[in-house]
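Here the structure is laid out as structure tokens; the discussion comes afterwards.
The values are calculated or read from the model by the stated rules, or taken from the named source; none is laboratory data. Please read all numbers here as calculations on a predicted model, not as lab measurements. For neighbour counting, all protein chains shown are included, and Cβ atoms are generated from backbone atoms with ideal geometry for every residue, glycine included.
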Amino acid sequence: MTGPPGAADARDVSDATVVATNLSKWFGQKVAVSEVSCSFGPGVTGLLGPNGAGKTTLLRVLAGLLSPSAGRATILGRAPKRHHGVYRQVGFVPEDEAVYNHMSARRFVEWSAALSKVEDAGSAARRALDTVQLTQDADRSLAGFSKGMRQRAKVAAALVHDPQVLILDEPLNGTDPVQRARLIELFVRLGGEGRTIIVSSHVLAEVDRMATRVVAMVNGRLAAAGSVAALREAMSDTPRLIRIDTDRPRRLARRLLAGNWVESVRVDPTGIEIRTSDAGALGHDIALAAVETGSVVTAVSAEDDSLESVFRYLVDRR
Amino acid sequence: MRAYITITRSVMGRLLGLRRSIGLFLLTGSIAPILLVLAPGRSAERVAASYNDITVGLGMSILFPVAALIVSTAALGEERKSHTLPFLLLKPVSRWVTALAVVTAAALASFVILEAGVLASWIAAGAVTGEWSIGISTTVAVAVQSVASAALFVPLGLVLGRAALVGLGYLMIWELILGDVIEGIQASSIQRIVVSAWADLATITPDNLDTVNEVLGRVEAGVGGAVAKVTALAIISVAVTGLLLRHRDLIPE
């Protein structure tokens, strides 16, 4: 991994279930994934990157749909391309919208359960369809489903055999806001149960809401890994925007400007926005400055501590 | 066994979709109306001879192979194109079982579609001639055709985006043109294997001999030999399909 964000060991987790080791995948002259080494463990990990970053290719290699051109991918210690038994513990939701249009949702999920060697496929399918709230439409043909409903049917089929590892490629595509919130809640719950959930998305807000850990890809390479806050912290060479809500913004701003870590200040009637190169030093100075100036500080927040800013930073670096 | 049956049933269900089935039935069933048009004013023997001629000259040369080709290339080709292969393949099922199930499904679906056409012409010929065993040999022939086409075109559908077009080229160039002029390749020609099975069981009238001999060339009629050849072809096909599923990238870039 190159670049500062995320310590080198943030690429790996101690209790890894899915591991990519120097993984590369190219199609002819086009390199889709280049020397990616990282691992995924229990909890929800967001795989982030702009369109064309290599997320889908990485997930397909990890899942065993594509052979790595170089390197190695394992799930639960086995290469899925060779050891198909591992799929008993793996659920996969592909990015493509396609489903089996000749099947009903119930038939599709039951079929998936039967192939995953679930004893009582009917009951398992009922539970999975209920989980994604498709019970009422279960007997309708998938051909008549909206994109969001198809996504939920695919999630149900991936969940039906109660897998330990779930690989989800843009699973929220096409879902309405209510369903999106419910699926996010579901993924968070499943991650909380100790399952490995890998969710790719290019919508940062979604990942921000469900993932405890982020792996970011840019141009086929691993750009960063770690928690959102840790990534942001690691980018110490980029200024951060801090907002301070106070009753005396001008006095406090004048005092804080004395510190050489402040790059710029914007004052408004209810507070100050400070761009700083050293958020830690500023944090220590705020309390002192408040006492010295007699200001009452009601809130201090990092305005750009979001995936959006992290991601923009990563893309700009490349 | 459960996985084999589950995959076979689902692939068959997809291959026997209503639109495809109706379209291909119109193709394979077209012998029946031709026969009914030719029948008036002819003796039962002449109608039986016409049935044999049309079945071999049109059915086994063009209609049945093309219909079976379309069904067989779609077995994995459609899944590949529509990106549904992950649903089938990311399961704890051996690739060999998957390959065997898909080849079986393609052969059964082809047989259902071909036999529907055969039944139509069988009923038409039986009604006119009173000879109701006339379609048995054709039924055996389309069974051989179905297995042979599935064996040949299921793996082709997995590998090539335009497998149906390539398969059509194969049927026209290799089977119909080169098979006629190069005697050395006749023994391995699917069309001739199918006709050899049919010719062994059918009641061939002297009027049919020219047509049958022209198609068979140097190949001897024999249902046993035909079954042995397509069985070997099917085993090779399952092995090749299994290897492709194991080692190839299963989804396009």
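Which residues, counting only those in segment A:11-55, are within 10 Å of chain B (Cβ to nearest Cβ) and either buried (at least 23 other Cβ atoms within 10 Å of the Cβ) or of a type in the set (Asp, Glu) (or both)?
Residue satisfying the conditions is A:Lys25 alone.
Checking the conditions here, which among A:Val207, A:Val214 is within 22 Å of the chain's Cα centre (by Cα) and part of a helix (DSSP H, G or I)?
Numbers: A:Val214 fails: part of a helix (DSSP H, G or I).
Just a single option satisfies the conditions, and that option is A:Val207.
Determine whether segment A:137-155 contains at least one residue that is polar (S, T, N, Q), farther than 19 Å from B:Leu250 by Cα and either crowded, with 19+ Cβ neighbours inside 10 Å or not assigned by TED's automatic domain parsing to the domain that holds A:Leu58 (or both). If you could, list the steps in order and put the result at the bottom.
Within segment A:137-155, the subset polar (S, T, N, Q) is A:141, A:146, A:151.
Pick out the ones that are also farther than 19 Å from B:Leu250 by Cα and you get A:141, A:146, A:151.
Still in the running and either crowded, with 19+ Cβ neighbours inside 10 Å or not assigned by TED's automatic domain parsing to the domain that holds A:Leu58 (or both): A:151.
Yes, segment A:137-155 has at least one match.
Cβ-Cβ under 8 Å, sequence separation 6+ or interchain: first residue in segment B:213-227 and farther than 14 Å from B:Gln145 by Cα, partner at pLDDT 85 or above and not in a helix (DSSP H, G or I). Which pairs?
Pairs that qualify, where the first residue is farther than 14 Å from B:Gln145 by Cα and the partner is at pLDDT 85 or above and not in a helix (DSSP H, G or I), are B:Val219/B:Ser189.
Name every residue in segment A:107-125 that is more than 9 Å from every other protein chain (Cβ to nearest Cβ) and closer than 21 Å to A:Asn173 by Cα, in order of residue number.
A:Val109, the sole residue that qualifies.
Within segment A:178-218, restricting attention to residues that are surrounded by fewer than 17 Cβ atoms within 10 Å (Cβ to Cβ) and among the basic types (Lys, Arg), which residue is farthest from A:Ile167 (Cα to Cα)?
A:Arg182
For segment B:85-134, name all the residues that are free of Cβ contacts under 8 Å to residues at least 24 places away in the same chain and assigned to a helix (DSSP H, G or I).
Residues satisfying the conditions are B:Phe87, B:Leu119, B:Trp122, B:Gly126, B:Ala127.
If a residue must be in contact with a helix residue (DSSP H, G or I) (Cβ under 7 Å, 6 or more places away or on another chain), assigned to a loop (DSSP other than H, G, I, E, B) and over 23 Å from B:Leu178 (Cβ atoms), how many such residues does segment B:195-229 contain?
Count: 3.
Do you know which residues across segment B:1-32 are more than 14 Å from chain A (Cβ to nearest Cβ), without any contact (Cβ under 8 Å) to a residue 24 or more places away in the chain and either over 23 Å from B:Val103 (Cβ atoms) or polar (S, T, N, Q) (or both)? Write out each step before concluding.
In the first step, residues of segment B:1-32 are kept if they are more than 14 Å from chain A (Cβ to nearest Cβ); the result is B:22-32.
Next, from what is left, pick out any that are without any contact (Cβ under 8 Å) to a residue 24 or more places away in the chain: B:22-23, B:26.
Matches in segment B:1-32: B:Ile22, B:Leu26.
Which one of these is surrounded by fewer than 19 Cβ atoms within 10 Å (Cβ to Cβ), touching a Pro at 6+ places or on another chain (Cβ under 8 Å) and part of a helix (DSSP H, G or I): A:Arg107, A:Arg88, A:Arg127? Spell out how you get there, then give the answer.
Numbers: A:Arg107 fails: touching a Pro at 6+ places or on another chain (Cβ under 8 Å); A:Arg127 fails: touching a Pro at 6+ places or on another chain (Cβ under 8 Å).
That would be A:Arg88, the only listed residue that is surrounded by fewer than 19 Cβ atoms within 10 Å (Cβ to Cβ), touching a Pro at 6+ places or on another chain (Cβ under 8 Å) and part of a helix (DSSP H, G or I).
Here are B:Glu45, B:Glu78: which of them is within 14 Å of chain A (Cβ to nearest Cβ) and either in a loop (DSSP other than H, G, I, E, B) or among the acidic types (Asp, Glu) (or both)? Show your work before the answer.
On the way: B:Glu45 fails: within 14 Å of chain A (Cβ to nearest Cβ).
From the options B:Glu45, B:Glu78, the qualifying one is B:Glu78.
Does B:Asp200 fit the bill of being among the acidic types (Asp, Glu), surrounded by 14 or more Cβ atoms within 10 Å (Cβ to Cβ) and either over 24 Å from B:Gly157 (Cβ atoms) or touching a Phe, Trp or Tyr at 6+ places or on another chain (Cβ under 6 Å) (or both)?
Working: among the acidic types (Asp, Glu): yes; surrounded by 14 or more Cβ atoms within 10 Å (Cβ to Cβ): yes; either over 24 Å from B:Gly157 (Cβ atoms) or touching a Phe, Trp or Tyr at 6+ places or on another chain (Cβ under 6 Å) (or both): yes.
Against the criterion (among the acidic types (Asp, Glu), surrounded by 14 or more Cβ atoms within 10 Å (Cβ to Cβ) and either over 24 Å from B:Gly157 (Cβ atoms) or touching a Phe, Trp or Tyr at 6+ places or on another chain (Cβ under 6 Å) (or both)), B:Asp200 qualifies.
Output the residues belonging to segment B:230-247 that are buried (at least 20 other Cβ atoms within 10 Å of the Cβ) and either away from chain A (no Cβ under 14 Å) or more than 21 Å from B:Thr73 (Cβ to Cβ) (or both).
B:Val230, B:Ala234, B:Ser237, B:Val238, B:Thr241
Among (1) within 24 Å of A:Leu142 (Cα to Cα); (2) more than 16 Å from the chain's Cα centre (by Cα), there is one condition B:Ala125 misses while meeting the rest; what is its number?
With (1) within 24 Å of A:Leu142 (Cα to Cα); (2) more than 16 Å from the chain's Cα centre (by Cα) applied to B:Ala125, the lone miss is (1).
Consider segment A:134-191. How many of its residues are modelled with pLDDT under 90 and touching a Pro at 6+ places or on another chain (Cβ under 6 Å)?
0
Residues checked against (1) within 14 Å of chain A (Cβ to nearest Cβ); (2) more than 24 Å from the chain's Cα centre (by Cα):
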{"residue": "B:Pro86", "(1), (2)": "yes, yes"}
{"residue": "B:Lys91", "(1), (2)": "yes, yes"}
{"residue": "B:Ser94", "(1), (2)": "yes, yes"}
{"residue": "B:Val97", "(1), (2)": "yes, no"}
{"residue": "B:Ala101", "(1), (2)": "yes, no"}
{"residue": "B:Ala105", "(1), (2)": "yes, no"}
{"residue": "B:Val112", "(1), (2)": "no, no"}
{"residue": "B:Glu115", "(1), (2)": "no, no"}
{"residue": "B:Leu119", "(1), (2)": "no, no"}
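Taking the stated definitions as given, is B:Gly135 surrounded by fewer than 19 Cβ atoms within 10 Å (Cβ to Cβ) and either among the small types (Gly, Ala, Ser) or within 20 Å of B:Thr104 (Cα to Cα) (or both)? Can you show your working first?
Values: surrounded by fewer than 19 Cβ atoms within 10 Å (Cβ to Cβ): no; either among the small types (Gly, Ala, Ser) or within 20 Å of B:Thr104 (Cα to Cα) (or both): yes.
Considered against the rule, which asks whether it is surrounded by fewer than 19 Cβ atoms within 10 Å (Cβ to Cβ) and either among the small types (Gly, Ala, Ser) or within 20 Å of B:Thr104 (Cα to Cα) (or both), B:Gly135 comes out as no.
Can you name the number of the only condition in (1) within 11 Å of chain B (Cβ to nearest Cβ); (2) part of a loop (DSSP other than H, G, I, E, B); (3) more than 24 Å from A:Gly52 (Cα to Cα) that A:Asp96 fails?
(3)
Being in a helix (DSSP H, G or I), more than 16 Å from A:Gly91 (Cα to Cα) and of a type outside the set (S, T, N, Q) is the filter here; which residues of segment A:42-72 pass it?
Going through segment A:42-72, the residues in a helix (DSSP H, G or I) turn out to be A:55-63.
Still in the running and more than 16 Å from A:Gly91 (Cα to Cα): A:55, A:57.
A:Lys55 - this is the single residue of segment A:42-72 that is in a helix (DSSP H, G or I), more than 16 Å from A:Gly91 (Cα to Cα) and of a type outside the set (S, T, N, Q).
What number of residues within segment A:130-146 are outside any loop (DSSP other than H, G, I, E, B) and at positive phi?
First, the residues of segment A:130-146 that are outside any loop (DSSP other than H, G, I, E, B): A:130-131, A:135-137, A:141-144.
Applying the additional criterion that residues be at positive phi yields none.
Number of matching residues: 0.
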